[in-house]
1. Restrict the check to the range 113-127 and report whether at least one residue is without any contact (Cβ under 8 Å) to a residue 40 or more places away in the chain, of a type outside the set (Gly, Ala, Ser), in contact with a strand residue (DSSP E or B) (Cβ under 7 Å, 6 or more places away or on another chain) and closer than 23 Å to Met52 by Cβ.
2. Kindly provide the set of residues from the range 121-145 that are surrounded by fewer than 14 Cβ atoms within 10 Å (Cβ to Cβ) and in a loop (DSSP other than H, G, I, E, B), ordered by number.
3. Could you check the range 262-314 and list, in sequence order, the residues that are modelled with pLDDT of 75 or more and aliphatic (A, V, I, L, M)?
4. Name the pairs: first residue in the range 129-151 and under 16 Å from Met105 (Cβ atoms) and of a type in the set (Ser, Thr, Tyr), second residue open to solvent by 40 Å² or more (accessible area, probe 1.4 Å) and assigned to a helix (DSSP H, G or I), Cβ to Cβ under 6 Å, at least 6 apart or on different chains?
5. Between a first residue in the range 14-43 that is over 16 Å from Thr68 (Cα atoms) and a second residue that is among the hydroxyl-bearing types (Ser, Thr, Tyr) and surrounded by 15 or more Cβ atoms within 10 Å (Cβ to Cβ), which pairs have beta carbons less than 7 Å apart while being 6 or more apart in sequence or on different chains?
6. Ile24 - would you say it is hydrophobic (A, V, I, L, M, F, W, C), at pLDDT 90 or above, farther than 17 Å from Val87 by Cα and buried (at least 17 other Cβ atoms within 10 Å of the Cβ)?
7. Please verify whether Ser194 is within 25 Å of Tyr98 (Cα to Cα), at pLDDT below 90 and either open to solvent by 40 Å² or more (accessible area, probe 1.4 Å) or assigned to a loop (DSSP other than H, G, I, E, B) (or both), treating the condition exactly as stated.
8. So which residues in the range 90-120 are in contact with a helix residue (DSSP H, G or I) (Cβ under 8 Å, 6 or more places away or on another chain), in a helix (DSSP H, G or I) and open to solvent by 40 Å² or more (accessible area, probe 1.4 Å), if there are any at all?
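The values are calculated or read from the model by the stated rules, or taken from the named source; none is laboratory data. Note that this is a predicted model, so its numbers are computed, not measured. A quick note on method: Cβ atoms are made from the backbone with ideal geometry, for glycine too, and the neighbour counts reach across all protein chains shown. Each accessible area value is taken on the protein alone, full model and side chains, heavy atoms only, with ligands, DNA and RNA left out. Shrake-Rupley method; radii C 1.70, N 1.55, O 1.52, S 1.80 Å.
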Amino acid sequence: MANRTEKTAKTVKGTNPQFLVEKIIRQRIYDSMYWKEHCFALTAELVVDKGMDLRYIGGIYAGNIKPTPFLCLALKMLQIQPDKDIVLEFIQQEEFKYIRALGAMYLRLTFDSTEIYKYLEPLYNDFRKLRYMNKMGRFEAIYMDEFIDNLLREDRYCDIQLPRLQKRWALEEVDMLGPYKSLLDGDLVAMSDSEEEEEEEAKKEKPRLTSRRRSRSRDRERDVGDRRGVYEREKMRERRERGEDEPGPSSSSSGRRDDRDDRRKERDRSRDRERRDRKDDDRRDRKKDSSRRGADNDEEREIAEANALRAKLGLAPLER
């Protein structure tokens, strides 16, 4: 009798509120010691006291046998079905974070899609740490915003199959929800504006630097060209004064000497190449001869060993 739903409770999602929890998990909750000792004859006011004693959240652990107190209290809230104002008071708790998590779980199971988005999305700004017990019975650290995100995105969480939730964009198209607004939007807009201003300043500064560099390089080239022109003119004047404008026989003889030197160098190079090739050929021939001699020596050794063995056995020696 203690496991029956309140007579005044309304159906949720077209069924008994307790049936939102699967039968196997529900039966394990009924058989647990926490349910029998702490959840008997609880009212909406007493659930608050039990929620204040919570130290972690989770579903089933220890080989899918034992339910957590968080899961037992969630089923108890489905059984007694507290008023909407009490559930919203659970969610607005700033001091007790596990009461807020319990109210968020019950709200996700029983409220419609628009109210779920309306009341749970502001909890994204809660970054307090929660302890979560996994199926192995070990604790993991999660945060309240992560817990809320799992409730809104996952199909199954804390071993409870969550009711289907409509997509947010679909509700926005029907004007049942406004666009999502985060507290971080202002910071993101300020950051983007500052980045755009920095990029614009960088773009404005870059052409100035390049124009200065180009002008400096052009001025240097002009100075170098002017110096070369002056130097060449001075040389031409000196040659004219000396009378060396036209090439004489001395210049032709020096050109012939240069050609002879080049030919000699080419001959020396060709001779060096021929010598190197001959040396390489000699080395290859020596290696081949040494390998052949080694093979012959090996054969002679084998024949000598075989003849010694045949002599011990009284056989005739092998011929070479």
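1. First pass over the range 113-127, keeping only residues without any contact (Cβ under 8 Å) to a residue 40 or more places away in the chain: 115, 119-120, 122-123, 126-127.
From what's left, of a type outside the set (Gly, Ala, Ser): 115, 119-120, 122-123, 126-127.
Subsequent filtering for residues that are in contact with a strand residue (DSSP E or B) (Cβ under 7 Å, 6 or more places away or on another chain) retains 127.
Now restrict to residues that are closer than 23 Å to Met52 by Cβ: 127.
Looking through the range 113-127, at least one residue is without any contact (Cβ under 8 Å) to a residue 40 or more places away in the chain, of a type outside the set (Gly, Ala, Ser), in contact with a strand residue (DSSP E or B) (Cβ under 7 Å, 6 or more places away or on another chain) and closer than 23 Å to Met52 by Cβ.
2. Phe127, Arg128, Asn134, Lys135, Met136, Gly137, Arg138
3. Answer for the range 262-314, where residues must be modelled with pLDDT of 75 or more and aliphatic (A, V, I, L, M): Ile303, Ala304, Ala306, Ala308, Leu309, Ala311, Leu313.
4. none
5. Here the result reads Asn16/Thr5; Pro17/Thr5; Pro17/Thr110; Gln18/Thr5, each pair linking the range 14-43 to a residue that is among the hydroxyl-bearing types (Ser, Thr, Tyr) and surrounded by 15 or more Cβ atoms within 10 Å (Cβ to Cβ).
6. Values: hydrophobic (A, V, I, L, M, F, W, C): yes; at pLDDT 90 or above: yes; farther than 17 Å from Val87 by Cα: yes; buried (at least 17 other Cβ atoms within 10 Å of the Cβ): no.
Criteria not met by Ile24.
7. Values: within 25 Å of Tyr98 (Cα to Cα): no; at pLDDT below 90: yes; either open to solvent by 40 Å² or more (accessible area, probe 1.4 Å) or assigned to a loop (DSSP other than H, G, I, E, B) (or both): yes.
Against the criterion (within 25 Å of Tyr98 (Cα to Cα), at pLDDT below 90 and either open to solvent by 40 Å² or more (accessible area, probe 1.4 Å) or assigned to a loop (DSSP other than H, G, I, E, B) (or both)), Ser194 does not qualify.
8. Residues satisfying the conditions are Lys97, Glu115, Tyr119.
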